[in-house]
1. Any residue in the range A:103-123 that is of a type in the set (Ser, Thr, Tyr) and in contact with an Asp or Glu (Cβ under 8 Å, 6 or more places away or on another chain)?
2. Among the residues of the range A:359-370, count how many are part of a loop (DSSP other than H, G, I, E, B) and within 7 Å of another protein chain (Cβ to nearest Cβ).
3. If B:Glu330 satisfies every condition in (1) open to solvent by 70 Å² or more (accessible area, probe 1.4 Å); (2) at positive phi but one, which is the exception?
4. Please verify whether the range B:396-411 includes one or more residues that are away from every other protein chain (no Cβ under 14 Å) and open to solvent by less than 60 Å² (accessible area, probe 1.4 Å).
5. Select from the range A:224-276 the residues that are acidic (Asp, Glu) and assigned to a loop (DSSP other than H, G, I, E, B) and list them in ascending order.
6. Sort out for me the strands (runs of 3 or more DSSP E) sitting completely within the range B:17-78 that have 1 or more residues that are loosely packed, with under 14 Cβ neighbours inside 10 Å.
7. Within the range B:196-219, track down each residue that is part of a loop (DSSP other than H, G, I, E, B) and either hydrophobic (A, V, I, L, M, F, W, C) or outside the structural domain of B:Val401 (by TED's automatic domain parsing) (or both).
8. Please work out if B:Leu128 is closer than 11 Å to B:Phe11 by Cα and in a helix (DSSP H, G or I).
Amino acid sequence: MKTDAAVETSYLAWLADLNVPADKLLPVIREYRTGERIFHAAAEEDPRLSELLPPDVIRRMKTTGTRDNLRRLYNLITEHKILSVTAVDDSFPPILSEIPDPVSILFYQGDLSCLQHRRISMVGSRHASYAGLKAAEDIARELSSSGIVIISGFANGIDTACHQGCLRGGSPTVAVLGCGLDRSYPTANSSLRKQVLDNGGLLISEFSPGQPPMAFHFPYRNRIISGLGDAVILMEARIRSGSLVTVSHALNQGKEVFVYPGDPSSPYSEGNRQLLREGATYFTTARDILADMNWLDNPPDEVQNSDCSVLSKARNETETAVLNCLLPGPRSFDQLADTCGLPPAELLGILTMLQIRGIIESVPGKKYQIIQ
Amino acid sequence: MSNQMAKVLTFGVSGVNGFPVQTEVFCVDGMPMMEIIGLPDTAVRESKNRINAAIISSGVKLPVSRVTFNLAPADIRKEGPSFDLPMAVGLLIASGEVSPRDDFDPDNTAFFGELGLDGCIRRVNGVLPMVISAKEHGVREVILPDGNAREAACIEGLRVIPVSHLREVIRYLNGTENIVPEEPVAFEQLKREASCPVDMAQIRGQSAARRALEVAAAGGHNLIMIGVPGSGKTMLARCVPGILPPMTFEESLETTRIHSISGRLPSGSGLMVTRPFCAPHHSASVASLIGGGQDARPGEVSLAHNGVLFLDELPEFSRSALEALRQPLEDGIVSVSRVKRQAQYQSSFMLIAAMNPCPCGYFGSSQRACHCTPPEIRRYLDRVSGPLLDRIDIQIEVDSVPVSAITGSAAAESSAVVAARVASARSVQYERYRKSALFCNAQLDSNSIRRFCVPDAEGSRLLHAAADSMHMSMRGYHRVLKVARTIADLAGEETISSVHIAEAVQYRELDQKYWR
């Protein structure tokens, strides 16, 4: 890493810490081009700068522009190999300076060039159902295998499943963080972070190094998640979920929004159902998305898994009966016992056989489902 | 009056065993005072006031004399108020107020009982071990509070004289009143009165859990249930005493002894015939679970001896309490050591544990959303340590039953039907292990598993496939074999076939889902 890049990133981090609204900051960056020049302009009390920024910002520039503060930022930046890009750079994702409440400075780790590919943003709750997590991972994997970059928010739950699915599908994935890139948040995802970077992916944040993950950061960074994608997919959201904030950003930004219907009785997808009632586009497979986006030139490696092929794996009539019960979706043990009319001991045995052969799996809540 | 001396036999309790105590009373002319020697505790030392008042209330006027009570042997601590009656009787004889009839045999008659100030005789704890010890020492007649009579009448070959007032005792000894001995209580008759508060027939749905309980009861396996709040875990657990095989006389004696010394027997009850069900709250301390206190009292694990110990909200129990369970689970006995006393209590129980799948309780629920993050769930599950889980053979998941299923479905099998199948599976095991020191499949160790749990070719192929696909540990593998042995016993088959293995595998699946 070039030292001067780290110095410039430190100046930009200092600038980002001032929390100047983008509409005020963008003209300053256009005028001076680099953070370093802005810093010196502030130190020399450049009259042009006072025209562009209100006096209290100028004052704060002086109080925070100390050697110690800059050194602290410089150390964080070199330690974590953080890079930066501003709205005047060629590599800056153009879309982010066009959205309402635009972004002027971005910090990142990894490779910015993965934003050149086709991109889909996937969002959903941290508290997700098992089925939702599984669906998110599968759809991300299939999209990724047809060359699409998945963008998500790196949070627990659906976000993590999307990143993991994307990595498994072979495309790089982009994580938009709600804190400084030096912070390991959420802690459970530290190994995922390494995987993202090792697979040519990207971690980005508009928050300067050292910024903690504050609650209000997250709805704010959601506009970047929706802004970076060509379309936005909502996997699972409850009625007051942050994912719905992302969806409304997406609609304001004029993005296509796809909503996964989820299980009609599941409390985890109340938000999805509300959006669908309001007329959102629904989808159930990765192919639906590709078709709607006119991206079918490179179809995904879908697992061939039609209903009949599952049934053909059955070795006897009872197995067929059990699989038939499971075709509509996950079923509890009691439901299976009632529908198939088998004694519990026998049913348990059949379920084990099917599990060992990899046809079904058991999920929390004493339920069984066909492996898709 | 010059000096007079009397000896009366009684018994004390140490641990779960009784020991004979010779109550010697010595009266001599002098300043009126009473002294008790022979290592009495506070309750015994206070008895002189009760004795004095009770004797006066019975209408007897004591001569002015100096009285010394000695409780021999003098080197064992005497506890509790059961010495009141023998001491009072001794004093009455020594002072000449009572002249026992000719057939009174002081060496073969034992007295127990607490006195009230009005002369009434109250029931005491620990009568069963005292009576058993009395019989071993050749005692033929016991005179004790009527609240304890039924308990003592369960021991054959003893005349049990129930008394409720000191006046009755005086008249009985003088031969002016005859008291009808308590009818001996036949164990078989008590057994007919056995009842379990919850019957399997009351449980709707839950076919998988019912089956798992049956298997657990048939092999004596410990069991853990994971499920959302309100899924019926507690009710399922409460059924278990009712489907376990009926208690034998020996088992009943062992269990009643422990309950007797802890004062847990209801007044007027005989031997316990229903297997105990102990459900300590999760705030329980190590001492209350395992046993302890100054005088090394038995804990919940011993009260649950030959029965069921139910630990609801398992992860909420303190770590030290859960770790302390490992010894009784392994050995079926606990040694409780305190500075003043050491005791060994039997504690061979069936452990049934229940827990929620996550801190909020709704992980995996189809009806409500869970609020927990994966690390929170991880931390919650990790509170149950591996070594404890290793001692639990059967793991099941319980989901709540929708209301429609509760009202709609027909009545299920009753406990009696299930208990019959369990009993026959147990008798198969009893026959098989007669030559070894085992009683049920749960006690098999890895050596005996290799000997007794050999699946047929198809079964072992399946087991290996399952072990591979589910990443089973060696311990998990052994547990599946043990449970498969029980399932085969339930089916009345000697060889373990693939069907049995396939079912047994389902009782380990939580290892994959939760503790992986």
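The values are calculated or read from the model by the stated rules, or taken from the named source; none is laboratory data. The model shown is predicted, which means the values in this text are computed figures rather than measured ones. All Cβ positions, glycine included, derive from the backbone under ideal geometry; neighbour counts span all protein chains shown. With ligands, DNA and RNA removed, areas are computed over all heavy atoms of the protein, side chains included. Shrake-Rupley method; radii C 1.70, N 1.55, O 1.52, S 1.80 Å.
1. No, the conditions are met nowhere in the range A:103-123.
2. So the count comes out to 3.
3. (2)
4. no
5. Those that are acidic (Asp, Glu) and assigned to a loop (DSSP other than H, G, I, E, B): A:Asp230, A:Glu236, A:Asp263.
6. B:33-37
7. B:Cys196, B:Val198, B:Ile203 - these are the residues of the range B:196-219 that are part of a loop (DSSP other than H, G, I, E, B) and either hydrophobic (A, V, I, L, M, F, W, C) or outside the structural domain of B:Val401 (by TED's automatic domain parsing) (or both).
8. In short, yes.
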